[in-house]
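Before any comments, here is the structure.
The values are calculated or read from the model by the stated rules, or taken from the named source; none is laboratory data. All values reported here derive from a predicted model rather than from experimental measurement. FYI the Cβ positions are ideal-geometry reconstructions off the backbone, even for glycines, and counts take in every protein chain you see. Areas reflect the complete protein model, heavy atoms only, side chains present, ligands, DNA and RNA absent. Shrake-Rupley method; radii C 1.70, N 1.55, O 1.52, S 1.80 Å.
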Amino acid sequence: MELFSRLENAAHKVSRVYAQAETSAVAGLAGSGGVRRRAAVGSVSELVQQMPDDAVNQLLWQAGQLRRAADAVIAIAAAETKGRSETAASALAGVARSDVEQLACVGAMIEESERVIDACGVVEAEALDIVIDVPWWHSISLAVIDGGLSPASAAAMRENLGEPGGVVTTQRLAQAAEELTEQLVTAAPDAVAEASRQKRAALEGATELVSSE
C-alpha cells in the first residue's frame, strides 16, 4: 500500500499548490478590471502564469512526483494485464504500445522484488537457514516504488547496465545499480541511460565510453 499512499499524497500536494495559487490569483483581481478577468482564473495556463517562480517550481516538482507514482502503478497494472489477457493496456492507460511494453517490464521487476522482500521476511521471522536469491536490479525496483526513479528511467538503467557476463558479475551489477539509484534521484531517462552506459563501460574496464547511439 506504500505506493498507493505515495500516489494519493502526491495528488493531494498538487491540488493544494494549485488551490493556494488560485486563492492568491483571485485575491489579486479585486482591483481595476477584476470582473473582466475573473473568468480567466479557471484556465490552468492563466493561473500558472500568475504564479511566482517558487510556486511554479513547487508545482512542477509535485506534479513530477505524481507522475512517477502514477507511472509506477501503471507499470504494475500493465504487467498484470499482460499476464491475464490480450487486453490493450495501451488504450486503457492512454500511453503508446511501446511505452506499455517498457512499463510492463518494470512492473514485472517490481513484482519480483516484492516476492523477494516477502521471502526475506519469512526467513527472518522463522530464523530459517535459507539464502534468498536477490536479483541484481532489486535496488532499481525499490527506487521506483520510493519515487526516486521513474519507470522509464528504471528501464533505461537496467537495459544499459546490461546482463552479467565475463568480469561483470551479478554482485558488481548490483553494486552499480545501487550507486546509480542514489546518484540519479529524479533524473531524466536520457541522463540515466548515459550514466548507465558509462557505468557498464567502467565495469568492463573499457578504455572508451560506450557509444550513445
* Tell me, what % of the accessible area of segment 88-150 is carbon and sulfur with a 1.4 angstrom probe? -> 56
* Mean separation of Cα contacts under 8 Å (6+ apart) over length of segment 117-191, as relative contact order % -> 37
* Could you give the accessible area per residue of segment 87-210, probe 1.4 Å, as a whole number in Å²? -> 53
* For peptides 118-126, 63-71, 144-152, 168-176, sequence by mean Cβ density within 10 Å, most packed first -> 144-152, 63-71, 168-176, 118-126
